[in-house]
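The values are calculated or read from the model by the stated rules, or taken from the named source; none is laboratory data. Just so you know, these numbers come straight off a predicted model, no measurement behind them. Methodologically, a virtual Cβ is constructed for each residue, glycine included, from the backbone with ideal geometry; neighbour enumeration extends over all protein chains shown. Please note that ligands, DNA and RNA were not included when accessible areas were found on the heavy atoms of the full protein model with its side chains. Shrake-Rupley method; radii C 1.70, N 1.55, O 1.52, S 1.80 Å.
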Amino acid sequence: MNLDRRTFVAAAAASPVLLGAPRAFAHLGRGPVLKVAVIGCGGRGTGAMFNAINAGKQSGCTIEVVALADLFEDRVSRANNALAENGFKQVSADRVFTGFDAYKSACATDCDICILATPPGFRAIHFKEATARGKHVFCEKPVAVDGPGVRSFIESAAQSRSKNLKVVAGTQRRHEQCYIEGVGRIAKGDIGRVIAGRVYWNMGSLWNVAPDAKKSDVENQVRNWLYHSWLSGDHIVEQHVHQLDIMQWVMGGHPELVRGVGGRQVRTDQSLYGHIFDHFGLEFQYSGDRFVFSMCRQQDGTDGKVEEMFHGTEGMARMHSGFSEIRGAKAWRFAGKQPD
């Protein structure tokens, strides 16, 4: 099955890990009804909202959207209208929140689960609030865009564990069966000792929102958040995080040293593309003279490549969404069932 990234992430959030097993929430005292607050009502948050509803149907849960929150009124209005257009109950006006503090109001409702889908720069702040309020969380990737955000998220995650709360992140490959089986075979030695890897997300350009002279600079940046590092972390963090996550999973730890280059060759119009790069190339050095080469690029008219490869003393592994294989003495190709 060819799974769309956005659909799969939301479906993962609504998987048995979080929504697909009502008994895991028996302590909430609500049986098979789970109440969801959506924080961040753009395309990602609205998509996750509907995927959660659909996944609930598949697993015997009733998913009730009880709160919507976004910085912008037009976003929450569209999400609420989408509920009605698809035959679902709209969220009442007193539970539709806007502004920078909207997330606090949403977390203060009687929701069981918070979907965190705002631009990543706000993620750690929102996760901290949801955790403090005792909410289970689906958190889009990346979880933060800078050192302070990462440290804050780690601290909140420890509190979440101490409260026995459930958290599912948007690093969707962790939920794909082809990756689970492929990485599992690497871990048990089917390609021998892993000595090197290559990971790629090379593609064309993405969306952008042109600035509106009637809006403030802050609003224009937030609406065009992908191109501002304080909001996205740059595309190496916002998008290439998927490959770097697999790299860490396979290599089993953190690198000792990173060398890299990057720049802006095509997206040079600051009014449209902020100040992020359009290409990176990095080498991650691990203990034991092992290394991984990483490349990510967002440039039209260039070769596309989104996959991960790892080389061992007895073979090599290649993986991408929906596919994994091992070449060598223990040759294997994934033929199982991907999640719906």
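Summary of values
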{"read-out": "The stretch 308-340, subset of a type in the set (D, E, K, R) and part of a strand (DSSP E or B), residue nearest to Gln243 (Cα to Cα)", "value": "Glu308"}
{"read-out": "Matching residues in the stretch 274-287 - criterion: being open to solvent by 50 Å² or more (accessible area, probe 1.4 Å) and either small (Gly, Ala, Ser) or touching a helix residue (DSSP H, G or I) at 6+ places or on another chain (Cβ under 8 Å) (or both)", "value": "His275, Phe277, Ser287"}
{"read-out": "Positions within the stretch 137-177 being part of a helix (DSSP H, G or I) and among the charged types (D, E, K, R), in sequence order", "value": "Arg151, Glu155, Arg161, Arg173, Arg174"}
{"read-out": "Within the stretch 276-300, tally of residues that are touching a residue at least 60 places away in the same chain (Cβ under 8 Å), under 30 Å from Asn224 (Cβ atoms) and not charged (D, E, K, R)", "value": "5"}
{"read-out": "From Asp94, Asp74, Asp146, residue being free of Cβ contacts under 8 Å to residues at least 24 places away in the same chain and open to solvent by 60 Å² or more (accessible area, probe 1.4 Å)", "value": "Asp94"}
{"read-out": "Matching residues, the stretch 186-201, being surrounded by 18 or more Cβ atoms within 10 Å (Cβ to Cβ) and farther than 19 Å from Gly260 by Cα", "value": "Ile186, Asp190, Ile191, Val194"}
{"read-out": "Hits in the stretch 74-128 - residues which are under 21 Å from Val145 (Cβ atoms) and β-branched (Val, Ile, Thr)", "value": "Ile115, Thr118, Ile125"}
{"read-out": "Extreme residue, nearest to the chain's Cα centre (by Cα), among residues of the stretch 228-246 that are small (Gly, Ala, Ser) and in a helix (DSSP H, G or I)", "value": "Ser232"}
{"read-out": "Residue selected from the stretch 202-227 under the condition in a loop (DSSP other than H, G, I, E, B) and open to solvent by less than 40 Å² (accessible area, probe 1.4 Å), by the criterion nearest to Arg44 (Cα to Cα)", "value": "Asn224"}
{"read-out": "Condition check for Val143: under 22 Å from Asn51 (Cα atoms), out of contact with any Ser or Thr (no Cβ under 8 Å at 6 or more places or on another chain) and of a type outside the set (Ser, Thr, Tyr)", "value": "yes"}
{"read-out": "Test: residue in the stretch 301-323 that is open to solvent by 50 Å² or more (accessible area, probe 1.4 Å), over 22 Å from Gly204 (Cβ atoms) and without any contact (Cβ under 8 Å) to a residue 60 or more places away in the chain", "value": "yes"}
{"read-out": "Residue count, the stretch 308-335 (criterion: under 26 Å from the mean Cα position of the chain (by Cα) and at negative phi)", "value": "13"}
{"read-out": "Trp249 being in a helix (DSSP H, G or I), touching a residue at least 40 places away in the same chain (Cβ under 8 Å) and farther than 18 Å from Asn208 by Cβ", "value": "yes"}
{"read-out": "Residue within the stretch 112-133 that is among the basic types (Lys, Arg) and not in a helix (DSSP H, G or I) present", "value": "yes"}
